[in-house]
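Inspection log for the structure reproduced underneath, given as structure tokens.
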Amino acid sequence: MKIQPVEYVWMDGKFVKWNEANVHVMTHALHYGTGVFEGIRAYPSNGNLYVFRLKDHIKRLINSAKIYMMEISYTIDELSETILELLRMNKLKELCYIRPIVFRGLGEFGLNPFGSQIQIAICAFPVGAYLEKGGVSVCTSSWRRIPDVSMPSAAKACGGYLNSVLAKMEAIQNGYDEAIFIDINGYLSEGAGENIFLVKKGVIYTPPVSSSILEGITRDSVIKIISELGYPFFERPILRSELYTCDEAFFTGTAAEITPILKVDNRIVGDGKPGKITNEIKEFFFEIVSCKKPKYQHWLTKVY
Ligand code: PXG
């Protein structure tokens, strides 16, 4: 995704110019990955802009920070209001990506993080599609998902993304669009930056939290959509071989939204086209984010 600069960034309590939102090279997080972040999307609709599941993202940010003992001196409401204000200050009306980050800044040198102050920043800028929307070709990575016993997968932590970066580089260099992680026990985990769902004989499956996944907000939204559509659904450990024999597969994520998986390790998924159930879920999702489902209006926060 390209970063499209805007006028203002919010940093440590103030709106600053884009070029002034900087950190020192001795920032703790730059050396040791001691930061946590979020990825949030805002959708244009009816001449307005709507942030998708804003408070749920902020709650996850606060929980990620709690795991790494980083105190955030703002409430959920204050952070939500700041994001809305940032979008307004930048006059953003198109599809946007919002990136809040909480990190250990300049302080002491060394692994003990407690001497480095907590910094917080929020950026918001226009974006397009993340993965090719029509569908992607993926590989299972030779890198295993970091197990929760080594690094909590519930926290969206900066350092943890080195695991995803290794998998992503391997996938790209071998000609695939994205990588899928197998967990430490040999079960399917998730994509480098997406959760995964499979469909077989009309039944939908997704790996459980115990497969070292990030509990995605899009994943949660899709689980609610599945229940509304009435398909049988199971959250259970999934074998790698099930990925090769399923009828449909798709990724979910803030950036990926709902992206059909058309090929896995050079094996065609189903008939090689986005599946019927995948399309149905995707359509429902896009109706929600474009304000066409009153029942889910509470997932959208109006900006203007
Ligand atoms: N798993 C992982 C490892 C993720 O990073 C998801 C699942 C999906 O979660 P949400 O809540 O978005 O449905 C994510 C999401 C980036 C980037 O560039 C981050 C994510 C996805 C794509 C890109 O930082 N995180």
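The values are calculated or read from the model by the stated rules, or taken from the named source; none is laboratory data. The model shown is predicted, which means the values in this text are computed figures rather than measured ones. Quick reminder, even Gly has a Cβ in these numbers, built from the backbone with ideal geometry, and neighbours come from all protein chains shown.
Observations, loosely collected:
- Hey, Glu248 within 23 Å of the chain's Cα centre (by Cα), under 21 Å from Ala154 (Cβ atoms) and not aromatic (Phe, Trp, Tyr) or not: no
- Taken together, Asp183, Asp177 contain a single residue that is among the acidic types (Asp, Glu), free of Cβ contacts under 8 Å to residues at least 60 places away in the same chain and crowded, with 21+ Cβ neighbours inside 10 Å, which is Asp183.
- Pairs where the first residue, in the range 207-221, is touching a residue at least 12 places away in the same chain (Cβ under 8 Å) and the second is within 11 Å of the ligand (Cβ to nearest atom) and of a type in the set (A, V, I, L, M, F, W, C), C-beta under 6 Å, 6+ apart: Pro207/Ile213
- In the range 139-178, the residues that are closer than 12 Å to Gly193 by Cβ and of a type in the set (Val, Ile, Thr): Val165
- Scanning the range 210-233 for residues that are more than 27 Å from Pro294 (Cα to Cα) and either of a type in the set (A, V, I, L, M, F, W, C) or in contact with a His (Cβ under 8 Å, 6 or more places away or on another chain) (or both) yields a count of 2.
- The strands (runs of 3 or more DSSP E) found entirely in the range 55-153 that carry 1 or more residues being of a type in the set (Gly, Ala, Ser) are 118-126, 136-140.
- A single member of Val102, Val149 is more than 22 Å from Tyr304 (Cβ to Cβ), surrounded by fewer than 17 Cβ atoms within 10 Å (Cβ to Cβ), among the β-branched types (Val, Ile, Thr) and at pLDDT 95 or above, and it is Val149.
- Condition met for Glu215 (at pLDDT 95 or above, surrounded by 17 or more Cβ atoms within 10 Å (Cβ to Cβ) and not in a helix (DSSP H, G or I)): no
- All of Ile3, Ile83 fail the test of being surrounded by 15 or more Cβ atoms within 10 Å (Cβ to Cβ) and in contact (Cβ under 8 Å) with a residue 12 or more places away in the chain, apart from Ile83.
Every residue, every condition in (1) exposed (fewer than 15 other Cβ atoms within 10 Å of the Cβ); (2) modelled with pLDDT of 95 or more; (3) on the phi > 0 side of the Ramachandran plot; (4) of a type in the set (Ser, Thr, Tyr), yes or no:
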residue	(1), (2), (3), (4)
His24	yes, yes, no, no
Phe37	no, yes, no, no
Phe114	yes, yes, no, no
Ile122	no, yes, no, no
Glu132	yes, no, no, no
Val138	no, yes, no, no
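- Residue in the range 156-178 that is part of a strand (DSSP E or B) and under 24 Å from Ile261 (Cβ atoms) present: yes
- In the range 250-272, the residues that are free of Cβ contacts under 8 Å to residues at least 60 places away in the same chain and among the polar types (S, T, N, Q) reach residues that are within 11 Å of the ligand (Cβ to nearest atom) and part of a loop (DSSP other than H, G, I, E, B) with C-beta atoms within less than 9 angstrom, at least six apart or across chains, in these pairs: Thr252/Glu194; Thr252/Gly216.
- Pairs, first closer than 17 Å to Gly13 by Cβ in the range 111-125, second basic (Lys, Arg), C-beta under 6 Å, six or more apart: Cys123/Arg99
- Residues of the range 218-237 satisfying the condition of being outside any helix (DSSP H, G or I) and within 15 Å of the ligand (Cβ to nearest atom): Glu235
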